[in-house]
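Novice: Can you read through this structure? Questions will come right after.
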């Protein structure tokens, strides 16, 4: 049984994103009030705000945690065309314990338009950070010295030729680095709204290896499933429908003459669901890549899993408060009982996406957010 609790976040505007750290004991929230708040889970199961600060001069769209191997590090992106990297430092001990401060270690200002998403690379790739912008550019930065995260160098510029809304790293160690990028462009003639890029060691460049032409509706979120030894990749796409795409490599990269031949993939749509009966906003996998969660405007979080024949089916539906209308729903799950949390609400005037991630055995639930309050 899930127990719903409410956190008075004290954000003064719409909350765009919520992200849990690797262990699920800390979470960060960001808002259109230009601030970020960090919350810690106490021994009593209650969330306590331990830090709050103004980060950008515009709405903060995303916040994400780096792997704890690199310390307590956050990255944020904003409408002000900037992405920033923050590191926690500890001050004096007060009545309420040690007071933590978050210091801006670096600010990335190469973007000419709003930065719509920011993600740290998998740990085995080192301390790298990918950002995507509404002008169609994906930029990858690297911190050469993990002991000094003030220095970030721009390693790659990737031109997607469409408006970028979201991105996802492939965490597989058995394959070259890979990134999926989605677009929320409403132009139906723009072709496939999801592209896959792969890093080629021979050319030291990122190359577009696939365009998923089956997805022509605006893409709100993409997520690669964790790959624990599979010979293929699974990519979940949140759009008008929920789609799961498998990508099977057909061969290794090779060089013929002076031209590099990049590996191609055999793509197959293994599942497509319209159960939300509304746009799907967020998707997220559990750590083993076997259970997928999705959220949509129907106020529900749905869990999906494949059977032994590889057929994907819904295994659970987590509904919002039945006493509320479809236009004003809230769903939440207690993360102390289930290593995941969720929020879902739709407003007639404005819809704001929210992503709650927990790197744990259960999938994280990703939905939308209301104004000034957080539920879990």
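Novice: Which condition number does residue 76 fail, the rest of (1) touching a residue at least 60 places away in the same chain (Cβ under 8 Å); (2) closer than 27 Å to residue 171 by Cα; (3) within 19 Å of the chain's Cα centre (by Cα) being met?
Specialist: With (1) touching a residue at least 60 places away in the same chain (Cβ under 8 Å); (2) closer than 27 Å to residue 171 by Cα; (3) within 19 Å of the chain's Cα centre (by Cα) applied to residue 76, the lone miss is (1).
Novice: When residues of the range 181-190 are filtered for being free of Cβ contacts under 8 Å to residues at least 12 places away in the same chain and part of a helix (DSSP H, G or I), how many remain?
Specialist: So the count comes out to 1.
Novice: Got a number for residues in the range 141-159 being within 20 Å of the chain's Cα centre (by Cα) and buried (at least 21 other Cβ atoms within 10 Å of the Cβ)?
Specialist: The qualifying residues number 2.
To keep it simple, each residue is scored yes or no on (1) farther than 23 Å from residue 113 by Cβ; (2) at pLDDT 95 or above; (3) within 21 Å of the chain's Cα centre (by Cα).
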position: 21; (1), (2), (3): yes, no, yes
position: 35; (1), (2), (3): no, no, yes
position: 53; (1), (2), (3): yes, no, no
position: 80; (1), (2), (3): no, no, yes
position: 92; (1), (2), (3): yes, no, no
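Novice: Any residue in the range 259-279 that is touching a residue at least 60 places away in the same chain (Cβ under 8 Å), within 17 Å of the chain's Cα centre (by Cα) and not in a loop (DSSP other than H, G, I, E, B)?
Specialist: no
Novice: Follow-up question, since we're still on this one. Considering only strands (runs of 3 or more DSSP E) fully contained in the range 85-180, which possess at least 2 residues that are closer than 30 Å to residue 280 by Cβ? Break it down into steps so the answer makes sense when it comes.
Specialist: Numbers: elements: 97-108, 115-120, 128-133, 137-142, 153-159, 166-169.
Answer list for the range 85-180: 115-120, 128-133, 137-142, 153-159, 166-169.
Novice: When you scan the range 298-308, do you find a residue that is surrounded by fewer than 15 Cβ atoms within 10 Å (Cβ to Cβ), modelled with pLDDT under 90 and assigned to a loop (DSSP other than H, G, I, E, B), even just one?
Specialist: Looking for residues that are surrounded by fewer than 15 Cβ atoms within 10 Å (Cβ to Cβ), modelled with pLDDT under 90 and assigned to a loop (DSSP other than H, G, I, E, B), one finds at least one in the range 298-308, hence yes.
Novice: Considering only the range 1-18, state which residues are in a strand (DSSP E or B) and either at pLDDT 90 or above or loosely packed, with under 14 Cβ neighbours inside 10 Å (or both). Spell out the reasoning first.
Specialist: Taking the range 1-18 first, the residues in a strand (DSSP E or B) are 6-7, 14-18.
The answer is 6, and nothing else.
Novice: I've got another one for you. If I ask for residues that are touching a strand residue (DSSP E or B) at 6+ places or on another chain (Cβ under 8 Å) and farther than 19 Å from residue 204 by Cβ, which ones from the range 123-159 would you list?
Specialist: 131, 132, 133, 134, 136, 149, 150, 151
Novice: I'd like to check something: does the range 232-245 contain any residue that is modelled with pLDDT under 85, assigned to a loop (DSSP other than H, G, I, E, B), out of contact with any helix residue (DSSP H, G or I) (no Cβ under 8 Å at 6 or more places or on another chain) and farther than 16 Å from residue 303 by Cβ?
Specialist: If we filter the range 232-245 for residues that are modelled with pLDDT under 85, which is where we start, we get none.
Looking for residues that are modelled with pLDDT under 85, assigned to a loop (DSSP other than H, G, I, E, B), out of contact with any helix residue (DSSP H, G or I) (no Cβ under 8 Å at 6 or more places or on another chain) and farther than 16 Å from residue 303 by Cβ, one finds none in the range 232-245, hence no.
Novice: Quick one: how many residues across the range 29-48 are under 13 Å from residue 7 (Cα atoms) and either exposed (fewer than 15 other Cβ atoms within 10 Å of the Cβ) or touching a residue at least 60 places away in the same chain (Cβ under 8 Å) (or both)?
Specialist: Looking only at the range 29-48, we keep the residues that are under 13 Å from residue 7 (Cα atoms), and these are 29, 37-41, 45-48.
Imposing the further condition that a residue be either exposed (fewer than 15 other Cβ atoms within 10 Å of the Cβ) or touching a residue at least 60 places away in the same chain (Cβ under 8 Å) (or both) reduces the set to 29, 38, 41, 45-48.
So the answer is 7.
Novice: Kindly indicate the residue of the range 160-174 that is touching a strand residue (DSSP E or B) at 6+ places or on another chain (Cβ under 7 Å) and farther than 14 Å from residue 121 by Cβ and also surrounded by the fewest Cβ atoms within 10 Å (Cβ to Cβ) among those meeting that condition.
Specialist: The extreme case among them is 160.
The values are calculated or read from the model by the stated rules, or taken from the named source; none is laboratory data. From a predicted model like this one, the values you see are computed outputs, not experimental measurements. Because the Cβ atoms are built from the backbone with ideal geometry, glycine has one as well, and the counts that use them run over all protein chains shown.
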